[in-house]
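Enquirer: Have a look at this one before I ask anything.
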Amino acid sequence: MQHSLKKDFIKHPYKEMKVKKAAGAIGVSKATGYVYLKKWNSEGYGGLLPKYGGRPSKLTKNNGELKNILKGKDSWTTKEIQKLIREKFGIKYSLYHMSEGF
């Protein structure tokens, strides 16, 4: 959910609109509306922003080197990049992961 929709939701209760109606106006359930309201009340604007998580990239410290290698050739296939990363950096990525991340 885009944080702009969450901001729009938060404006509604201040206009005397009930949570259920405000949630419906942006296309979310009443329960989700209460989650947004609770986050707004406890964390302010920052509570409406998306929280990104997950495992850090295995290539983070090698990104510059990888970019320089990739610039040396006009076109690469996903399999070629997968093989390069495995041989040069010792990191194994599935083809699916490669197609999502590159």
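Enquirer: DSSP loop GluC sites (Glu not before Pro) in segment 12-84 with at most 15 other Cβ atoms within 10 Å of their Cβ, which ones?
Expert: Numbers: sites: Glu16, Glu43, Glu65, Glu80; in loops: Glu16.
Those satisfying the criteria are Glu16.
Enquirer: Let me ask something else about it. Does the chain come out rounded, prolate or oblate by the C-alpha gyration tensor, with a ≥ b ≥ c the root eigenvalues, rounded set by a/c under 1.5 and, if not, prolate when a/b is larger than b/c and oblate if not?
Expert: prolate
Enquirer: Relative contact order for the chain: what is it in percent, counting Cα pairs under 8 Å that are at least 6 residues apart?
Expert: Relative CO of the chain lands at 17 percent.
Enquirer: Kindly write out, for segment 35-42 in residue order, the coupling ³J(HN,Hα) from the Karplus curve 6.51 cos²θ - 1.76 cosθ + 1.60 (θ = phi - 60°), rounded to whole Hz, with x marking Gly and Pro.
Expert: In residue order, the calculated couplings are 5, 4, 5, 5, 5, 4, 5, 8 Hz.
Enquirer: Using a/c under 1.5 as the rounded threshold, could you call segment 60-101 rounded, prolate or oblate? The axes a ≥ b ≥ c are square roots of the C-alpha gyration tensor eigenvalues, and prolate needs a/b larger than b/c, oblate otherwise.
Expert: Oblate shape, in that a/c is at least 1.5 and b/c is the bigger or equal ratio.
Enquirer: Given the DSSP H assignment, sum -39500 (n - 2.57) over each helix run of at least 4 residues in the chain and divide by its residue total; what's the result at 222 nm in deg cm²/dmol, nearest 500?
Expert: -18000 deg cm²/dmol
Enquirer: Restricting attention to segment 1-85, which trypsin sites (Lys or Arg not before Pro) occupy a DSSP loop and are surrounded by at most 11 other Cβ atoms within 10 Å?
Expert: Values: sites: Lys6, Lys7, Lys11, Lys15, Lys18, Lys20, Lys21, Lys30, Lys38, Lys39, Lys51, Lys58, Lys61, Lys67, Lys71, Lys73, Lys79, Lys83; in loops: Lys15, Lys18, Lys51, Lys58, Lys73.
Those satisfying the criteria are Lys15, Lys51, Lys73.
Enquirer: Can you list the HN-Hα couplings for segment 55-63, worked out from phi with the Karplus curve (6.51, -1.76, 1.60; θ = phi - 60°), rounded to whole Hz and with x for Gly and Pro?
Expert: Each residue's phi maps through the Karplus curve to give 6, x, 4, 6, 9, 3, 6, 10, 4 Hz.
Enquirer: Compute the signed sum of charges (Lys and Arg +1, Asp and Glu -1) over the other residues within less than 14 Å, Cβ to Cβ, of Leu49.
Expert: After counting each charged neighbour, the total is +3.
Laboratory data are not the source of any read-out in this text; all were calculated from the coordinates shown. As the structure is a prediction and not an experimental result, all values here were calculated from the model. Every residue, glycine as well, gets a Cβ built from its backbone with ideal geometry; the counts of neighbours run over all protein chains shown.
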